[in-house]
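All remarks here apply to the structure that follows.
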Amino acid sequence: MLLTPHQISLSTKTCSRIRRDSPTGYVSTTRIDILHDEEREAIGQATVYRVRMDRIVNDGTWSLLDIFDTHSTDLGNLYEELFDGEELNPSVADEVMDYGNVVLIKSILLLPEYRGQGFGGLLALAIAELFDERDIVTLKPWPMNPDDPANAGWELPRLSPDEQKTIAAKLRKSYTKAGFKPLFRGSEHLFLTHRRHPSATQLMEKYHDAG
């Protein structure tokens, strides 16, 4: 079913709030409903993790490794790209030195009839704009895993390795068009930093003009 970019909207709900009694308590989870048309039909959902770096620095109770790695494999993998112990990796330091918090878009899921239209970058950019402009927003351009319990009920196809690579290339192209980029060669993640990119509204206009 054809999507109209100007009729896409987002509705957010924070499912977990910041606590200080455990390492995972410094990460909030936000669920985002993706809505379409004037009737605001729910056509998808996104899940976002936000690591409150400001609270971590001020409290000094847990190490960054404790916080990222204890929370999830997704954040553990991101930690390995961003940090060396408690410091930024030299390969990313120049780009993210003045960062705020770290925001990982874990998943963007659409109903089967709305997939494959090239709007992944637009949706990711619109989600990024929900957070503070100093936050580092990142994602991994890879197809959603049908075996992940968090993706249950979304009718995700089981892909061959070649199919995964083909879809990943399309996702990377869409996200790059929206301003996401790798911070170093070999990075598994793409990053949106310091707002050097089009706004979601500007990207919508490009889709409209192209159509």
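The values are calculated or read from the model by the stated rules, or taken from the named source; none is laboratory data. Quantities reported herein were computed from a predicted structural model and do not represent experimental measurements. In this analysis, Cβ positions are derived from the backbone assuming ideal geometry, glycine residues included, and neighbour counts consider all displayed protein chains.
Can you find a residue in segment 72-85 that is of a type in the set (Ser, Thr, Tyr), within 15 Å of the chain's Cα centre (by Cα), in a helix (DSSP H, G or I) and closer than 20 Å to GLY186 by Cα? Looking through segment 72-85, at least one residue is of a type in the set (Ser, Thr, Tyr), within 15 Å of the chain's Cα centre (by Cα), in a helix (DSSP H, G or I) and closer than 20 Å to GLY186 by Cα.
For every residue, the table says whether it meets (1) more than 24 Å from THR12 (Cβ to Cβ); (2) touching a residue at least 12 places away in the same chain (Cβ under 8 Å); (3) out of contact with any Leu (no Cβ under 8 Å at 6 or more places or on another chain).
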| residue | (1), (2), (3) |
| --- | --- |
| ARG40 | no, yes, yes |
| ALA46 | no, yes, no |
| TRP62 | yes, yes, yes |
| PRO112 | no, yes, yes |
| PHE131 | no, yes, yes |
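For segment 1-55, the set of residues classified as touching a helix residue (DSSP H, G or I) at 6+ places or on another chain (Cβ under 6 Å), of a type outside the set (Val, Ile, Thr), in a helix (DSSP H, G or I) and closer than 24 Å to MET144 by Cβ consists of PRO5 only.
Residues in segment 126-153 that are closer than 24 Å to SER199 by Cα and small (Gly, Ala, Ser): ALA126, ALA128. Checking each residue in segment 1-42 for being among the aliphatic types (A, V, I, L, M) and surrounded by fewer than 19 Cβ atoms within 10 Å (Cβ to Cβ) picks out MET1, LEU2, LEU10, ILE18, LEU35, ALA42. Exposed (fewer than 15 other Cβ atoms within 10 Å of the Cβ) and closer than 23 Å to ILE167 by Cβ - does that describe any residue in segment 58-77? The answer is yes, given that some residue of segment 58-77 is exposed (fewer than 15 other Cβ atoms within 10 Å of the Cβ) and closer than 23 Å to ILE167 by Cβ.
Remark: pairs (first residue in segment 73-84, closer than 17 Å to VAL27 by Cα and without any contact (Cβ under 8 Å) to a residue 12 or more places away in the chain; second residue buried (at least 20 other Cβ atoms within 10 Å of the Cβ) and of a type outside the set (Gly, Ala, Ser); Cβ separation under 7 Å; 6+ apart in sequence or on different chains) = GLY76/PHE68.
Number of residues in segment 5-53 that are in contact with a Gly (Cβ under 7 Å, 6 or more places away or on another chain), modelled with pLDDT under 85 and within 23 Å of LEU139 (Cα to Cα) equals 1.
The condition of being of a type in the set (D, E, K, R) and under 16 Å from the mean Cα position of the chain (by Cα) does not hold for ARG115. Condition check for ASP162 on (1) at pLDDT 95 or above; (2) at positive phi: one failure, at (2).
Within segment 81-105, if we keep just the residues that are among the charged types (D, E, K, R) and either at pLDDT 85 or above or under 24 Å from LEU130 (Cα atoms) (or both), the residue that is surrounded by the most Cβ atoms within 10 Å (Cβ to Cβ) turns out to be GLU81.
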